[in-house]
């Protein structure tokens, strides 16, 4: 019975993800094809990623800002660990563009924002974090714990 419920949950999640891929085929399909890619958040509608991915958004006032460069080096050093947790890395380094994501989250200078699959902000940090700290935070989220349990039951 538990296996059937787990399988049903997995199928439902897959169908939701597939439906959302159709809504935003460019970013969603590109991310599904290569979960280690980094995307520019300035023209992205974050709501198309709900239930599909966990956005990790890196804000800065310039792509050359030292904390931004450090954060990107940390993220790109271990992309597979982020991909295992359905993380999509988004960057926004142009405050003058006033992207929808920047307007919604209102960062001041550098900022790291972890957003859950439900679209809610889980964590904000004013300094760079390494992948280990990010994945530990994600692993504590109830939805992530359920995903791990579901995968364990299916296997």
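Anything in region 127-142 that is in contact with a strand residue (DSSP E or B) (Cβ under 8 Å, 6 or more places away or on another chain) and surrounded by 12 or more Cβ atoms within 10 Å (Cβ to Cβ)? List them, or say none.
Restricting attention to region 127-142, the residues satisfying the condition of being in contact with a strand residue (DSSP E or B) (Cβ under 8 Å, 6 or more places away or on another chain) are 127-129, 134, 137-138, 141.
Across region 127-142, the qualifying residues are 128, 129, 134, 137, 138, 141.
From the residues in region 99-121 that are under 12 Å from the mean Cα position of the chain (by Cα) and free of Cβ contacts under 8 Å to residues at least 60 places away in the same chain, which one is farthest from residue 47 (Cα to Cα)?
112
Counting only residues that are closer than 21 Å to residue 136 by Cα and modelled with pLDDT of 95 or more, give me the strands (runs of 3 or more DSSP E) lying completely in region 21-105 with at least 1 of them.
Details: elements: 38-40, 54-59, 87-92.
Hits in region 21-105: 54-59, 87-92.
Quick check, is residue 145 closer than 16 Å to residue 35 by Cα, in contact with a helix residue (DSSP H, G or I) (Cβ under 9 Å, 6 or more places away or on another chain), exposed (fewer than 14 other Cβ atoms within 10 Å of the Cβ) and free of Cβ contacts under 8 Å to residues at least 60 places away in the same chain? Lay out the reasoning, then the answer.
Numbers: closer than 16 Å to residue 35 by Cα: no; in contact with a helix residue (DSSP H, G or I) (Cβ under 9 Å, 6 or more places away or on another chain): yes; exposed (fewer than 14 other Cβ atoms within 10 Å of the Cβ): yes; free of Cβ contacts under 8 Å to residues at least 60 places away in the same chain: yes.
So residue 145 does not fit the description; no.
The values are calculated or read from the model by the stated rules, or taken from the named source; none is laboratory data. In this text the structure is predicted, and so the values were computed from the model without any measurement. Positions of Cβ are generated from backbone atoms using ideal geometry, with glycine treated the same way; all protein chains shown enter the neighbour counts.
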